[in-house]
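Presented below is the structure to which this report refers.
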Amino acid sequence: MKKLLTSLIACALACTVIFAVTACSTPSEPPRVASKGLSFELNDEGTGYIVSSIGTCGDKVVVIPETYNEKPVVAIGDAAFKDKKAITGVDVPGSIKYIGDEGFRGCDLLASVVLAEGVEHLGERCFSSCTRLVSITIPLSMTTMSGLVFTSNTLMTDIYYKGTSIPSGWDSSWKYDNSAFVHYSTCVCEKCA
C-alpha cells in the first residue's frame, strides 16, 4: 500500500511539473507559409530570384517566399503587384533587399504590410495609393528609399521607423503629401531595434 501511494504521489508530481512547464512556455510563432503561384525571374547575376508578378496566386494576404528553386528571393520587381485590388496584406521576408518602383502601387485594399529586417530599399511610389494602409513599420535595415513611396495614402496616420533618425539615403520626398506621424525608436540596440 505504501509503494502504491508513493507511486501515485510521484506520478502526480510529474504531471504537475509537465503541466507547469507547458503552461509557462511561450508559444512559438506560426511558420510562414509562402503563397503559391507567384511569378519569378532569375536576376541578372543568376544568384537569386525576383518576384515579377502575382501570377496565378489568389491569396488575399501574399506571403513572399524566402527561396525559390533553391535560390534566395532577393527582390520584388517594378510594378509586380501594381493595381492588384484584392490584396489585403503582404509579408516580405528579410531575403528581399529591394522592392521596385510601384511594387504595390494602387493596391486599394492593402491594409497590412510586414517588412522584415533585411529589406534595404523601397522604390519610387512603392506603396502609393494604397488607400487602406493606416500604418507601417520600417526596419532599421532600410538604407535607401526613393521618392513618393507613401503618396496618396489618405488614411495613413503612423510610420514607425526602428532607427533614431532618417538615413541620408532616403529621398527627401519619400512621404510626399502624407501627413502621417513618423515615430522613431528610442533605442537602436539589437534587443529593442
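Please treat every number below as a calculation from the coordinates, not as lab data. As the structure is a prediction and not an experimental result, all values here were calculated from the model. We place every Cβ from the backbone using ideal geometry, glycine too, and count neighbours over all the protein chains shown.
Tell me whether segment 123-168 comes out rounded, prolate or oblate; compute the Cα gyration tensor, take square roots of the eigenvalues as a ≥ b ≥ c, and use a/c under 1.5 as the rounded threshold.
Taking the square roots of the gyration eigenvalues as a ≥ b ≥ c, segment 123-168 is oblate.
Taking amide H positions as placed in the peptide plane 1.01 Å from N, state which residues far from Thr67 in sequence (5 or more) or on other chains have amide H under 5 Å from it.
For Thr67, the qualifying residues are Val73.
Rounded to the nearest 0.05, what FRET efficiency do Glu120 and His183 give with R0 = 22 Å and r taken as the Cβ-Cβ distance? Could you check?
Result of the calculation: an efficiency of 0.60.
Starting with the highest mean, order 94-102, 60-68 by the number of other Cβ atoms within 10 Å, averaged over the residues of each peptide.
94-102, 60-68
Apply the Karplus parameterisation 6.51 cos²θ - 1.76 cosθ + 1.60, with θ equal to phi minus 60°, to every residue of segment 90-103 and state each ³J(HN,Hα) to the nearest whole Hz, in sequence, with x for glycine and proline.
For segment 90-103, the Karplus curve yields 9, 10, 10, x, x, 5, 6, 9, 9, 10, x, 3, 6, x Hz.
Quick one: order Phe150, Phe40, Phe181 by neighbouring beta-carbon count within 10 Å, fewest to most.
Phe181, Phe40, Phe150
In terms of the Cα gyration tensor, with a ≥ b ≥ c the square roots of its eigenvalues, is segment 39-193 rounded because a/c is under 1.5, prolate because a/b exceeds b/c, or oblate?
Verdict is oblate for segment 39-193.
How much length would be gained if the chain were fully extended between Val33 and Asn69, taking 0.36 nm per residue of separation minus their Cα-Cα distance, in nm to one decimal?
11.4 nm
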